[in-house]
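The next block holds one structure in the form of structure tokens; read it before the comments.
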Amino acid sequence: MPKALTYISAIVILSLIGIFVFYIHYFSLDFPFQDDVTLLEFINSTQMSPWNWSHFFQALFRVDNDHSIVIPRLITWLDYLLFGQVNFQHLILITLAELIFILYLLFRLFKRQQLALVYFVPVAFLWLQPQYHEVSNWAITGLQHGHVTLFLLASLLIITENRPFALAWAIQLAFLASFTFGNGFIVFIALAYVYLLQKNWKNALIIGISLVIFFACYLQIYQMGQAAKFHWNLNHIIFSFLGFIGASAMEFPKIGLILSWFIGFWVVSLFIFYSLDHWKFNFKNKSQGTYLGILSFILFSAGLIALVRSAESYTIYSRYQLYAALSIIIVYLHLLPHTSKQIHPFILIGTLIYSISFYCLSYFNHTIEQQYQKMSFVADRINWQNNGSLLSVSSGYLWNAKPKFQKAENNKIYSMNYPWNNPFEDHTTISLAPETFIFQAKEYKEVMQKKHATWLNHYYWLEFQHFPFSTNFKKQWFLILKSKDKNSNWYILPIQFALNGKKNFLSLENYRANYGSIKINHESIQEGIYTIYLWNLDSETSSSKNQLYALKQAIHVDARLRTLELK
């Protein structure tokens with residue numbers, strides 16, 4: 001293979017890493033989103049005088065919602081000790097470093113096959129993309145799934161590279177994975193599976209005994225959570241299982257779900273075929289054993305999640321699509337040494353076509369979500385500072401989380417202060433004609449049945465069909481609600497634009513469409529009548545140039561009836 005191609009491949013891989021790092025850093029913000037509050041709750045519990053190690057370890061190992069998240073809590077605690085406050089952007093950047101290191105471990109596996117570097121390029125395209133943004137850009141899920149994947153790959157590499165005390169180190173890593181997230185114990189199963197394929201009965205038995213010891217310890221602290229709901233709808237279980245494995249295909253329009261089922265079936269079939277092949281003929285092939293061990297982890301995880309999370313419908317969440325990308329990578333790397341060199345270029349070209357298409361669609365489909373999420377966090381920093389409210393989450397979540405946020409701020413563990421210029425003081429309001437910008441209110445109400453409770457998810461969408469100003473990606477548009485009662489605070493909400501069509505985008509139109517909606521968790525807003533303003537916050541211009549527009553419509557929030565009405 002020409003050296004020039006090797007250099008080009010290296011440049012492409014390093015460029016993809018650079019884009020990924022910039023992307024995650026750009027869209028990350030120091031903000032505790034949803035389950036992140038459990039990390040603050042843990043740090044709150046460490047504020048004891050005098051210090052009590054027994055209480056500390058009880059809080060550290062406490063099971064929340066079926067998961068013992070010891071490792072994420074420890075990392076958060078260390079961040080607090082080092083910087084004096086918890087910074088959730090730091091935690092996201094730790095996950096980012098882990099994801100890059102996982103790519104390096106995959107490269108270690110790839111190097112065993114002594115192939116040209118160009119064959120590793122599809123792996124970078126498949127891994128360094130935002131489809132699993134709930135891992136790459138959400139503190140707690142990143143610390144959970146990132147560490148579990150890291151411990152999985154590291155433990156399998158150790159036992160297949162004949163490292164000193166490999167079994168002992170692998171068991172320790174499996175214990176760490178098990179105390180990171182609920183599916184971490186499957187690392188034990190993956191290790192045992194590799195030893196069984198190698199017909200190493202002794203080490204497989206030791207791993208099995210270690211797993212029993214883990215469960216014996218875990219059951220001492222286990223408490224039943226709310227999220228899991230067991231059921232026996234085989235249709236949902238099977239198709240969620242297959243869709244989970246092939247979920248990378250969800251980026252492809254129209255055919256995504258069917259294609260994900262097909263890919264899932266293909267991965268399972270190859271896993272069974274090569275497991276039998278390894279058992280009969282190649283049980284000393286350590287590279288193949290490593291790949292099959294990783295796939296066994298993914299398949300067991302998919303089965304477990306499909307069983308407990310697919311009660312009502314098919315379940316494919318962003319945070320689990322990390323494993324979907326990994327499954328395609330592992331199958332690709334596994335096929336290369338098991339096919340003749342003559343067809344390697346065809347495998348490379350086919351995988352490149354899929355991976356590049358997937359990569360581009362992933363960025364196209366999810367960047368608008370990432371921008372909206374960051375705008376929501378910015379808005380809620382302002383809402384919290386002004387009126388102690390968070391509008392990006394349900395009123396039920398706010399009711400549970402608010403005391404924990406307040407305690408963290410009182411203990412100076414975390415601060416959500418956000419410097420901003422009051423638009424009503426710094427800007428002249430521009431009135432818009434009634435027909436310029438009109439929206440309609442649509443109520444959304446859903447009853448969510450959990451294992452131990454029934455929750456009501458209730459909010460409104462303000463939908464609009466034509467936005468009168470530029471929807472350029474750089475412009476951040478917010479809706480401001482100002483009560484007619486002068487003693488009340490304001491609320492600020494991000495405007496969520498729809499994604500423009502791919503054909504329109506390729507013809508150099510805006511990435512965002514000129515229609516969209518504003519989500520209002522109205523139950524977190526004080527009762528009253530609110531005048532409405534549009535606010536343009538452009539990060540590349542001075543605040544004096546950011547415009548404030550007054551709308552003719554008004555909103556009436558009735559706390560007693562829990563309703564919202566446009567006037």
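Across the stretch 481-527, counting alpha-carbon atoms alone, Rg and Dmax equal 16.4, 49 Å. Loop-resident chymotrypsin sites (Phe, Trp or Tyr not before Pro) (DSSP state other than H, G, I, E or B) in the stretch 142-185 with no more than 10 further Cβ atoms inside 10 Å of their Cβ: PHE165.
What is the chain's relative contact order, in percent, from Cα pairs under 8 angstrom and six or more apart in sequence?
Working: 900 pairs, mean separation 76.9, N = 567.
Result for the chain is 14 percent.
Once the 1.4 Å probe is applied to the protein heavy atoms, the stretch 100-164 comes out at 25 Å² accessible per residue.
Ranking THR180, TYR363, SER49 by how far each Cα lies toward the positive end of the dipole of the chain (charges on Cβ) leaves THR180 at the top. Our summary gives the stretch 4-160 a relative contact order of 33 percent, counting only alpha carbon pairs under 8 angstrom and 6 or more residues apart.
For an R0 of 22 angstrom, estimate the FRET efficiency from the Cβ-Cβ distance between ASN233 and ILE255 and round to the nearest 0.05.
Values: r = 24 Å, r/R0 = 1.10.
In this case the efficiency is close to 0.35.
With only alpha-carbon pairs counted, each pair once and no self-pairs, how large is the Kirkwood hydrodynamic radius of the stretch 51-183 in angstroms? Could the numbers behind the result be given before it?
Details: mean 1/r = 0.0611 Å⁻¹.
Result for the stretch 51-183 stands at 16.4 Å.
Placing +1 on the Cβ of every Lys and Arg and -1 on the Cβ of every Asp and Glu, with no other charges, gives the chain a dipole of roughly 1120 debye about its Cα centre. When only the Cβ of Lys, Arg, Asp and Glu is charged (+1, +1, -1, -1), the dipole of the stretch 1-107 relative to its Cα centre reaches about 400 debye.
Normalised by the empirical 2.2 N^0.38 Å for globular proteins, what value does the Cα Rg of the stretch 10-91 take?
Compared with the compact-globule rule of thumb, the stretch 10-91 sits at 1.40.
Carbon-plus-sulfur accessible fraction, the chain (probe radius 1.4 Å, protein heavy atoms only): 61%. When DSSP beta bridges are restricted to pairs lying wholly in the chain, around 95% turn out antiparallel. Dividing the alpha-carbon radius of gyration of the stretch 124-240 by the rule-of-thumb value 2.2 N^0.38 Å gives 1.21. Counting only whole DSSP H helices of the chain, the ones at least 15 Å long by C-alpha along their axis and with mean Kyte-Doolittle hydropathy no lower than 1.6 are 3-27, 88-111, 166-178, 186-197, 201-218, 234-245, 321-335.
Three semi-axes describe the equivalent ellipsoid of the chain; taken as square roots of 5 times the Cα gyration tensor eigenvalues and ordered largest first, they are 44, 29, 22 Å.
The values are calculated or read from the model by the stated rules, or taken from the named source; none is laboratory data. Every value quoted in this text rests on a predicted model; they were computed, and no experiment measured them. Every residue, glycine as well, gets a Cβ built from its backbone with ideal geometry; the counts of neighbours run over all protein chains shown. We work out accessible area using only protein heavy atoms, side chains counted, and drop any ligands, DNA or RNA first. Shrake-Rupley method; radii C 1.70, N 1.55, O 1.52, S 1.80 Å.
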